[in-house]
Amino acid sequence: MPKLILIRHGQSQWNLENRFTGWWDVDVTEKGAAEAWAAGELMKAMGISPDTAFTSVQTRAIKTLNLALEAMGRLWVPVTKNWQLNERHYGGLTGLDKAETAAKHGEDQVKIWRRSFDIPPPPLAAGSPYDLSSDPRYAGINIPASESLKDTINRVLPYWESAIAPELRAGKTVLISAHGNSLRAMVKMLDDVPEQDIVELNIPTGVPLLYDLDANLQPRSHRYLGDQAAIEAAAEAVKRQTEKR
């Protein structure tokens, strides 16, 4: 039976600084690199051996994948990179401190921008320093000015069906290194999570989420790998990012 492992990239520099990141390309921190390596070591110790892997075109996810695969001794497995696995585009919030933005606009408003299902943040302003129109990795792509979780799902799931699901149906073990919202899109689909509930799901960085699937790609079970108390604390920390410090 196929296995699927989802892993959110290790802590990035803007995770550390508590800033909205989205499509902007930032690197992992030393802690983030350690999280990725530890995730790989844990999967190896549990006998999990990916046959193929997918990631976004963003550095933090790519490095997390490479470090995890290296720790497993499986840098040789095929890796496919695609922008459709990118984080959601945070539009005009990109680069802003989450807690400061909540203090300015109110926690309720920022929760709507950050966590509502179908309401996107304000669009990225023309001339923004975070404009990606000249980035070669997005040549020929209609870059969004902002995305809701629904928008993110609408680009992730077609890629799932066209590229990822066929590998799983072939009985392979698939590892995906991506982002909080692109992974929430997959979790929503796999676990049939209602819209009002998926907005409350918080995925910690650098923790493998293992799905055992049946032949129809329906989950037989799923669980985070590692110390459960530490994982719950990390997810709670993600939830509280917009709170005043």
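Only Cα sites of the chain enter the Debye sum here, all with the same form factor; the resulting log10 I(q)/I(0) across q = 0.17 1/Å is -1.36, listed in q order.
Over the range 39-134, the reciprocal of the mean inverse Cα-Cα separation, the Kirkwood hydrodynamic radius, stands at 16.1 Å. Counting neighbouring Cβ atoms within 10 Å and putting the fewest first, the residues HIS89, HIS9, HIS222 line up as HIS222, HIS89, HIS9. Computed from backbone phi, the HN-Hα couplings of the range 132-141 come to 10, 4, 9, 6, x, 5, 10, 4, x, 9 Hz, rounded to whole numbers (Karplus: 6.51 cos²θ - 1.76 cosθ + 1.60, θ = phi - 60°; Gly and Pro given as x).
For all pairs of alpha-carbon atoms in the range 104-184, what percent lies in each bin of width 5 Å, listed from the first bin to the last filled one? Going out from 0 Å in 5 Å bins, the range 104-184 shows 3, 11, 16, 19, 20, 14, 9, 5, 2, 1, 0 percent. For the pair the range 140-167 and the range 1-61, the centres of their Cα atoms are 19 angstrom apart.
Read the figures in this text as sums done on the coordinates, not as results from a lab. Please read all numbers here as calculations on a predicted model, not as lab measurements. Ideal geometry is used to build each Cβ from the backbone, glycine not excepted, and the neighbour counts take in all protein chains shown.
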